[in-house]
Each structure stands twice: as structure tokens, then as C-alpha cells.
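Structure first, then comments.
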Amino acid sequence: MVQTTEKQENIRKTVEEKIPEDFGITGKLWTLGRTRQYIPKQFRKAINERTLSDYMKRWGISCQCPAKRAREQNPRGI
């Protein structure tokens, strides 16, 4: 375990309840890369992608790419 249980819970809640832009990270969806940017900002400790991926699997969270059909949507119609 790279992060303590308390820090892991904080990261999990952040990913579930907030968006990256709340922390000065571009984008509206959390990805592994964006989550890796967030962790050093908050905890001053880096984490590698594989470890973070393992944490997210344990928490029941998966990073997924938006479906291609999302690009075909009409932004005015939303």
C-alpha cells in the first residue's frame, strides 16, 4: 500500500463526488492520468499508474473512454 487507508478513502470520494476542474486539472472526467495529477497536489506523494489502477479496481471504479457516439451529439440539442 503506497497510500494509507485514510488517504485512499479521500481519493475515492474525490473521484466519485467531484470533477478534475475543481482542483485545477483540465477535463470533466477522471482518468488515471488526471487522478495521478491530483494525488501529488493533495498528498505530496506520487503514485504509479499500475498501483492507482489496482486501487480503483478494489474500489469498484473503472476509467472508461466516452463512447464514440458522444462525439456525434448535437451540443445545441442537449
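The values are calculated or read from the model by the stated rules, or taken from the named source; none is laboratory data. Nothing here was measured: the structure is a model prediction, and the numbers come from that model. Quick reminder, even Gly has a Cβ in these numbers, built from the backbone with ideal geometry, and neighbours come from all protein chains shown.
Computed quantities for the displayed model
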{"quantity": "Qualifying residue in the stretch 30-45 (condition: in a helix (DSSP H, G or I), at pLDDT below 90, farther than 17 Å from residue 13 by Cβ and among the β-branched types (Val, Ile, Thr))", "calculated": "no"}
{"quantity": "Identity of the residue in the stretch 7-38, of a type in the set (Phe, Trp, Tyr) and surrounded by 15 or more Cβ atoms within 10 Å (Cβ to Cβ), that ends up nearest to residue 58 (Cα to Cα)", "calculated": "30"}
{"quantity": "Tabulated pairs, the stretch 31-50, first within 16 Å of residue 18 (Cβ to Cβ) and without any contact (Cβ under 8 Å) to a residue 40 or more places away in the chain, second part of a loop (DSSP other than H, G, I, E, B) and among the polar types (S, T, N, Q), C-beta under 7 angstrom, 6+ apart or interchain", "calculated": "none"}
